[in-house]
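Student: Structure provided below as structure tokens; questions to follow.
What follows draws every value from the coordinates through simple rules; no lab data is involved. All values reported here derive from a predicted model rather than from experimental measurement. Heads up, the Cβs are rebuilt from the backbone with ideal geometry, glycines too, and the neighbour counts pull from every protein chain shown.
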């Protein structure tokens, strides 16, 4: 069975510092995708970044990068130069297949609450 | 702009009532999902639909059922609401192709008294 684990329930980070949010996963499917979402206090779910299991390079989107270590089954999110607006809950999610080219379910981790301090 | 719309932002119901949560997407997505979100537990999948009238149970389907009669609409039904179903319910949709992300509705906070 697929499983996503986020071991850090919460963390404080100082403005302008980098922060790494941990995510490990478990799947026997060879084709899957890893996603990170941000949920600020408003409740909306904001997509941040995606990494496919066959992607050779780590994904980057602006200040977000994904440290993908396939052998270790980890997909950590790195936020560089934290800003006050980064304070939010962050969720790691995995999607896997119905077939090789089409995917079905998404499964989410428990989330990590990040508080950025001035 | 893509949109997933949940019919109610807040809902208060009594124990034993039948509750319908409605979700509509305007993106012609094949896949639709219902999650519940509880503090410390993240988002847990209740049901998933990959086509009209097609559904699969998620991790916590007990006490819930779903209906998808049209591609754009996915309903979550609580046959007899209980207090332990008080939660935030999130609907989401996605294209079926690999790499496609989830689009979320704004959520329904359900309180069962």
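Student: Between residue B:88 and residue B:53, 0.36 nm times their residue separation minus their Cα-Cα distance comes to what?
Tutor: Numbers: separation 35, 0.36 × 35 = 12.60 nm, distance 2.46 nm.
Gain in length upon complete extension: 10.1 nm.
Student: Which whole-number percentage describes the relative contact order of chain A, with Cα contacts under 8 Å and a sequence gap of 6 or more?
Tutor: The normalised contact order for chain A reaches 36 percent.
Student: 7 Å from Cα along Cα→Cβ at both residue B:38 and residue B:62: what's the point-to-point distance in nm?
Tutor: 1.1 nm
Student: Still on this structure: How large is Rg over Rh for the range B:3-66, taking Rg from the Cα atoms and Rh as the Kirkwood inverse mean of 1/r across Cα pairs? Display every interim value, and only then the final one.
Tutor: Details: Rg = 12.8 Å, Rh = 13.3 Å.
Answer for the range B:3-66: 0.96.
Student: Compute the separation of the alpha-carbon centres of the range B:53-104 and the range B:1-48 and state it in Å as a whole number.
Tutor: Taking the Cα centre of the range B:1-48 as reference, the centre of the range B:53-104 is 6 Å away.
Student: If you take each beta carbon of peptide A:85-92 and count the beta carbons of other chains within 10 angstrom, what is the mean?
Tutor: Taking all residues of A:85-92 together, the mean is 1.
Student: Between residue B:111 and residue B:9, how many nm apart are label points set 7 Å from Cα along the C-beta direction?
Tutor: 1.5 nm
Student: In what order do B:82, A:42 fall by count of nearby beta-carbon atoms within 10 Å, going from fewest to most?
Tutor: Numbers: B:82 12, A:42 8.
If I rank by nearby Cβ atoms, fewest first, I get A:42, B:82.
Student: What whole-number value in cubic angstrom gives the convex hull volume per residue for the C-alpha atoms of chain A?
Tutor: Values: hull volume 11.8 nm³, N = 118.
Taking the convex hull of the Cα positions in chain A, it is 100 Å³ per residue.
Student: When N is the residue count of the protein assembly as shown, what does its C-alpha Rg come to as a fraction of 2.2 N^0.38 Å?
Tutor: Working: Rg = 17.6 Å, N = 231, 2.2 N^0.38 = 17.4 Å.
Its radius of gyration relative to the 2.2 N^0.38 Å reference: 1.01.
Student: Could you calculate, for chain B, the ratio of the Cα radius of gyration to the Kirkwood radius, expressed as Rg to Rh? Each step should come with its number before you reach the end.
Tutor: Working: Rg = 13.2 Å, Rh = 14.0 Å.
The Rg/Rh ratio comes out at 0.95.
Student: Taking the simple approach of a point 7 Å from Cα along Cα-to-Cβ for both residue B:17 and residue A:102, what is their distance in nm?
Tutor: According to this spin-label approximation, the distance is 3.8 nm.
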